[in-house]
Each structure stands twice: as structure tokens, then as C-alpha cells.
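A short worksheet on the structure shown next.
The values are calculated or read from the model by the stated rules, or taken from the named source; none is laboratory data. Just so we're clear, the structure is a prediction, and the values are computed from it rather than from any experiment. When we count neighbours, we look across all protein chains shown, and the Cβ atoms used for this are built from the backbone with ideal geometry, even at glycine.
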Amino acid sequence: MVPRLIVVSNRVAVPDPEGPRQAGGLAVAVNAALKHREGIWFGWSGEISEDGAETSPRVITRRQRSFVTIDLSATDFQEYYNGFANRVLWPILHYRVDLAEFTAVDLGGYLRVNARFAEALSRFIRPDDWIWVHDYHLLPLAKELRARGHDNPIGFFLHIPCPSPDILMALPQHAETMATLAQYDLVGTQTEHDAENLRHYFEQQGATFGRNRVAFDLDGRRVQLRSFPVAIATKVYARTARTAIRSDFAAEMRDSLNSRKLILGVDRLDYSKGIPHRIQGFGQFLETFPQWRHHVTYLQVTPKSRSEVPEYADINQTVITLVGQINGRYGEPAWTPIRYVNRAYSRASLAALYRMAAVGLVTPLRDGMNLVAKEYIAAQDPEDPGVLVLSQFAGAAEELDGALLVNPLEAEAMAAAIDTALQMPLAERQERHRRMYRHLSANDIDRWAERFLSALAESQQAPRLFDNLRSLFVARG
Ligand code: F6P
């Protein structure tokens, strides 16, 4: 019998019969995990309740899947989400120790909300359930669940990067958060580089590793630690792009380009995405390769995000200023070099834009994976594909070997890569695309979920097998 799976994440994509289909990266991943099994998806409702108001979990059931959500109070939201998760963990895990704003109050709020999640979830857990926790908002959740007597298999997947121990140790009271990952049976990271960083961290916490370094022992617990590069529903996305390119939205966009080549960036407005550096790289491109002026349009689609966090408001101002400077400097009455749009678009609209773009610019300063890079590849026309210019600091760079890799801090290198991409011969574009598409088809989101859940199953069997062998040995001895 397939065990029931409980997925826990900060946000939950509760299906809305009135609204569009929910299909963000996390929703696609959770759908894949819950595809062939009964399951619960538990997390924050996205609603803020008044401080002190007692709210109980809301449950919505659709076929064999239940969505269980709780509200956060204004104080919880401020301290847990805006505070510790997004002003301490997010910057530090993205290597931006300089941006971390730690307060003991926010850490307290973070630990309190994790305890609240565990308390609210506890009554839904059956002894034979598997539990899969997602991302940096919920590092100590397993500790809280164990404290409530749940010895179920619990896995954790970190969607964002994991830096080296030197940087992790800058995290105040890291034992309260990072080190509690040892309470899980399986910890997954995006890349092998992240996994190795975390292994080094645990070694410094006293963990001992086996020869293959995929499992460690700490405080009497055995924990598996491996990389599972998150993926997309490749074939579904390719199909979406093939259809979306025939939409009115796509036709209007194509007309507006007036035969100019499209260079495209799509990112949440976040300092980790390197948007100012990318705009400067594009400015450098117009400066170094003036022959492209008038012949390209750079569209940067950037929905606002986490606006209550001061660093996110600052980045908006920086981007607006840079776009204005470059448009002012190089623009003409009949040509605007950069179009900057602060709006979120449907998956289908984005797929159409990706397919239309001769160059996909994905140049974060640091990124756990970056699914835009994978979606850009999946959306291309194999007969006439665009070229991906990808940051060497995106997790996706470990896999997408047909991309032009750049250091986003080097404007000249970015400018040269854009020029190379625009000039790349068709046969080379096809060959690079074919290679990456093949990889993404073989390693899609279903395979990702399957790999993680098989490893979680193994993490249960391995210690038992070991114990059985030991008891056999003791009995014979
Ligand atoms: O990249 C990490 C992540 O949590 C994603 O899973 C999610 O899409 C994104 O950040 C959005 O963050 P938030 O929930 O803060 O808007």
C-alpha cells in the first residue's frame, strides 16, 4: 500500500474553482508528489488574522487530496515571514550576509510559528503517513513534530541555495534552525554543491559520515543528505508554449516588436535575481555592439514581491533608475531599448514570451535552481530555438550545459554573451537546445518527486536493515 503523504510548505496553492489553474513551481512539484497517492497539503492560508484571534485550520477536500491551511496573525507574519525568514535566512542562504537584519524577536516569532504549524498539523498525522516539508520557512518543523511524538518518516527539501559553513555560521543561533535539520530522515538540496556545503556544516556540528557521504549520524539519528535538482513538467510546458504562441496575446506582442529580436528576463523583484546587473550588462551590450541598436528589444517582466521588506522596496527604485538611464541614453522616439513591466502573467502568456525570445537572460547573483531557465528551454521551437544566457551562480547551471554561462557581475561578459547568442548559427542553436531538452525530459518533475520519495523510503529501510544485521550478528555471537 502506498502511504499517505503530507506535504508542508509556507504557502499552499488551494484550488480555486473560480480562478485560473494554480501552477507555480511549488504547485507543480507538490502535484507531482501527490499524483498517485492520498495526501494532505498543509500550510499558511495567505490570510492575516488579528493578533489574539483564535483561528482553527480550514480544510478543503478535492478527491483524494485535502488542503489544510491556517492563518497567521499580523505579528506572526511580521516576525516569521517578513522578519526571520526573509530578512535573515533568505539573504544569508543567498550569500548576502551584509543584508541580514537579525533580531531575537524575529527568531522567536519564527520558532513560534514553526511550533504552531506542528501543533495544528499534529492532529491530522496518522502513524503510517510520510511527511515532506518544503523550504527555509520551516527548518525546525521536524524537531517540533518529533517533540509531539511523531516518529514518521519526515523529509525536507531546501528550494534555495545552501552556502558554505563559514557563511552559515553567520546565522545567529544557527543550532536553533540549520542544525535542527538533523531531525529529518532525509534532507534534499538543489545541487551537489549545496549538499556538500551542508555536509561540511554538519561535520562541524559533530556528524560522522559514511564512505559515500550520503548519510550521517548525529545525536543518535541517521540522516540522508542528497541533491535533487528540482524540475518542471517539461512536456506539458512545451505543449503549453506551442499553443500559447498562437494566442492573441502573442500576436499583439509580436506586432509590437516590429521584427526586432526579443531579449527576455522574467524574475520576481528580488535582489538575488541580479536585475540591476543584468540591465547594466544590457547597457554595455548596446555600447559595445552598436550595430544591434534598434534591432533588439529587452523585455524585463518583474512582478513585485515581499514589498514589506525594506530591501525589496530599495531594489525597485534601483531598477527603475537604471532602466530610465539606459532608455534615456540609447532610446529614440521610435525605439525603446528596455520595456520594464511589474506585473505577473499567466503561465501560458509567459510560455508564449519565452518561445518568442531569441535570448533568455537568466542571470541571478545566486539562485537555488531557477525554473525560468528550464521553462525557457522547454518553451522553445526545436526548429528555431532561442539561446539561454545563464548565470554560473544559478543551480540550473549544474545541468544546462548548452547555455552560455556568464558571471553576472561582469557586464562586458554579459554583453559579449548576448551578442554571441544573437549571432549563433541555427545548427548550433538546435544542437544546444536538443541536448538540454533531452535532459529536461528525462529529468522532469515526476522523476524528481519519485527520486525524493524513494530516497525517503530507503532512509527508513537502511537503519532497519542495519539493525537487523546487527541483531543477527549479536544472536550468532
Ligand atoms: O525560491 C523560494 C520561494 O519560496 C519559491 O518557492 C517561491 O516561488 C518564491 O520563493 C516566492 O516567495 P514568497 O512566497 O515569499 O512570495
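Structure data summary
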| quantity | calculated |
| --- | --- |
| Those residues of segment 166-198 which are surrounded by 19 or more Cβ atoms within 10 Å (Cβ to Cβ) and in a helix (DSSP H, G or I), in sequence order | LEU168, MET178, ALA179, THR180, LEU181, ALA182, GLN183, ASP194, ALA195, ASN197, LEU198 |
| Given (1) crowded, with 24+ Cβ neighbours inside 10 Å; (2) away from the ligand (no atom under 16 Å from the Cβ), number of the condition HIS137 does not satisfy | (2) |
| Filter result for ALA344 (surrounded by 19 or more Cβ atoms within 10 Å (Cβ to Cβ), within 20 Å of the chain's Cα centre (by Cα) and touching a residue at least 12 places away in the same chain (Cβ under 8 Å)) | no |
| Count of segment 27-55 residues which are modelled with pLDDT of 90 or more, within 20 Å of LEU72 (Cα to Cα) and either within 16 Å of the ligand (Cβ to nearest atom) or surrounded by fewer than 12 Cβ atoms within 10 Å (Cβ to Cβ) (or both) | 8 |
| Index of the failed condition, VAL88 passing every other in (1) among the hydrophobic types (A, V, I, L, M, F, W, C); (2) under 22 Å from the mean Cα position of the chain (by Cα); (3) loosely packed, with under 15 Cβ neighbours inside 10 Å | (3) |
| Check on ILE245, surrounded by 15 or more Cβ atoms within 10 Å (Cβ to Cβ), within 16 Å of the ligand (Cβ to nearest atom) and touching a residue at least 40 places away in the same chain (Cβ under 8 Å) | no |
| Boolean, ASN316 is buried (at least 23 other Cβ atoms within 10 Å of the Cβ), among the polar types (S, T, N, Q) and within 16 Å of the ligand (Cβ to nearest atom) | no |
| Residue, farthest from the ligand (Cβ to nearest atom), within segment 153-165, restricted to residues that are surrounded by fewer than 21 Cβ atoms within 10 Å (Cβ to Cβ) and free of Cβ contacts under 8 Å to residues at least 60 places away in the same chain | PRO165 |
| Some residue of segment 356-375 being within 27 Å of ASP194 (Cβ to Cβ), away from the ligand (no atom under 16 Å from the Cβ), in contact with a strand residue (DSSP E or B) (Cβ under 7 Å, 6 or more places away or on another chain) and of a type in the set (A, V, I, L, M, F, W, C) | yes |
| Identity of the residue in segment 149-165, closer than 23 Å to VAL2 by Cα and assigned to a loop (DSSP other than H, G, I, E, B), that ends up nearest to the chain's Cα centre (by Cα) | PRO153 |
| Some residue of segment 291-308 being aromatic (Phe, Trp, Tyr), buried (at least 16 other Cβ atoms within 10 Å of the Cβ) and in contact with a strand residue (DSSP E or B) (Cβ under 7 Å, 6 or more places away or on another chain) | yes |
